[in-house]
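Reviewing the structure listed below.
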Amino acid sequence: MIKYYRNQETAIMAGKPKLHYFNGRGRMECIRWLLAAAGVEFEEKFIEQPEDLDKLRNDGSLMFQQVPMVEIDGMKLVQTRAILNYIATKYNLYGKDMKERALIDMYSEGVEDLGEMIMHLPLCPPDQKDAKIAQIKERTTNRYFPAFEKVLKNHGQDYLVGNKLSKADIHLVELLYYVEELDPSLLANFPLLKGLKARVSSLPAVKKFLQPGSQRKPPMDEKNLEEAKRIFRIK
Amino acid sequence: MAGKPKLHYFDARGRMEAIRWLLAAAGAEFEEKLIESSEDLDKLRYDGSLVFQQVPMVEIDGMKLVQTRAILNYIATKYDLYGKDMKERALIDMYTEGVADLGEMIMLLPLCPPDQKNTKLTLIRERATNCYLPAFENVLKSHRQDYLVGNKLSKADIHLVELLYYVEELDPSLLANFPLLKGLKTRVSNLPAVKKFLQPGSQRKLPGGEKSLERARKIFKF
């Protein structure tokens, strides 16, 4: 009886995480990066029609009627940060104590602030786009990149916190790829960030994820944007 | 480690209020250094005190922490308001983020251009009534316990109850059909530390009026 129960629990714990989202980066991509970097295989159930989203809502699978949603360890977790924090804790990417977690959270949130600006760019009205891009470039160059470069410079270690890979490094390196897509020259004056990017990209699990054919999603194009608008009923 | 946390922000709710609530509910005394001019903010920036040039910033346990969530998570862990294991933390995070989503809409309402305000207000009412409040009511209904997670007070309860006060300020009728939420609000409000914080003269900030918004615009230059 006990043996059966233990096997059951193991079976539930051992199943791959299942990601529910549309086939694009959006708010799920950082979760894909984190799982991949942790060496965790995962499944994806793509939302392709508004009706697919409705079904998830009517099922009661989405606590706040929104995706991302990740089925993991018997839970249906929503809210990107809740999902990321759980994965990070599970795979030991969240520091060794509360003070390290505080630094990791602080850096992750800074990455998120800039990342959010970049993520929303495709949704920006055409007449505001240039101004938005200018703002992103300014913030990157004067606020965010110097902050992270300084962290690495201060301790001279390979990773942002505790001399060990954490979610903060993974989120930052993902962001560096997006900044590079926007304008490669933005990374020019940040040698330590470039070093971190190279270092993290060379980790076997990340290297694999960066190769064509992985579950990493390409930049949003017109078609992808139209699909997202259709599914999420955005005008 | 023994000094009181020191909060750097301007004299208003804004993004610091959730931190004030959490510290207060944890029974932790704190000091506030109020930013009153844009020069005060510049000084903090030149000092190198603000990792991303922004406030809130909280000096606590030898750190100068910025980013609201980083600060809240640290305080919650320190004062045992973050559940007993990673699964409870996941639920607490999920609920907290839902509260933040609705809370953000309410917080940004004063900044809304006058011609969009009614639309925004309607959206807030709709989201509260059809999405967020039912979601939390259902959590309490599903386990019938006094608190959202693990039968114990956590940051999720404190953030939610703070939000319920703001929803009530907006429109008391919005809470009408949510008896368990009303029960949680009463229960948490009666905890000695929270009760004290809810009294006049505490460090709890009042709703910002036009004057407060103008002051924020001057300090933060927007």
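The values are calculated or read from the model by the stated rules, or taken from the named source; none is laboratory data. What you see is a predicted model, and the numbers here were worked out from it, not measured in a lab. Backbone-built Cβ (ideal geometry, glycine too); neighbour counts: all protein chains shown. Calculation scope for accessible area: heavy atoms of the full protein, side chains included, ligands and nucleic acids excluded. Shrake-Rupley method; radii C 1.70, N 1.55, O 1.52, S 1.80 Å.
Among helices (runs of 4 or more DSSP H) entirely within segment B:1-110, having at least 1 residues that are free of Cβ contacts under 8 Å to residues at least 40 places away in the same chain singles out B:38-46, B:68-78, B:86-108. Exactly one residue among A:Lys235, A:Lys164, A:Lys229 is touching a Lys or Arg at 6+ places or on another chain (Cβ under 8 Å), open to solvent by 80 Å² or more (accessible area, probe 1.4 Å), of a type outside the set (A, V, I, L, M) and under 29 Å from A:Gln66 (Cα atoms), and that residue is A:Lys235.
Can you find, within segment A:96-123, the residue that is nearest to the other protein chains (Cβ to nearest Cβ) among those that are more than 21 Å from the chain's Cα centre (by Cα) and not basic (Lys, Arg)? Per the criteria, the residue is A:Met98.
All of (1) over 26 Å from B:Glu137 (Cβ atoms); (2) facing chain A (nearest Cβ under 7 Å) hold for B:Gly48 with one exception: (2). Screening segment B:147-187 for residues that are among the charged types (D, E, K, R) and assigned to a helix (DSSP H, G or I) and picking the one that is farthest from B:Ile92 (Cα to Cα) gives B:Glu169. Restricting the first member to segment B:187-207 and to residues that are at pLDDT 95 or above, and the second to residues that are open to solvent by 40 Å² or more (accessible area, probe 1.4 Å) and part of a helix (DSSP H, G or I), the beta-carbon pairs closer than 9 Å and six or more apart or on different chains are B:Ser189/B:Tyr165; B:Ser189/B:Lys195; B:Leu198/B:Tyr165; B:Ser202/B:Lys196.
The criterion of being open to solvent by 60 Å² or more (accessible area, probe 1.4 Å) and either of a type in the set (Phe, Trp, Tyr) or in contact with a Lys or Arg (Cβ under 8 Å, 6 or more places away or on another chain) (or both) does not hold for B:Arg125. Pairs linking a residue in segment A:68-93 that is farther than 11 Å from A:Leu19 by Cβ to a residue that is open to solvent by 40 Å² or more (accessible area, probe 1.4 Å), with Cβ atoms under 6 Å and 6 or more positions apart or on different chains, are A:Asp73/A:Met13; A:Gly74/A:Ile12; A:Thr80/A:Arg27; A:Thr89/B:Met86. Residues in segment B:77-87: is at least one surrounded by fewer than 18 Cβ atoms within 10 Å (Cβ to Cβ), modelled with pLDDT of 95 or more and among the hydrophobic types (A, V, I, L, M, F, W, C)? Scanning segment B:77-87, I find at least one residue that is surrounded by fewer than 18 Cβ atoms within 10 Å (Cβ to Cβ), modelled with pLDDT of 95 or more and among the hydrophobic types (A, V, I, L, M, F, W, C), so the answer is yes.
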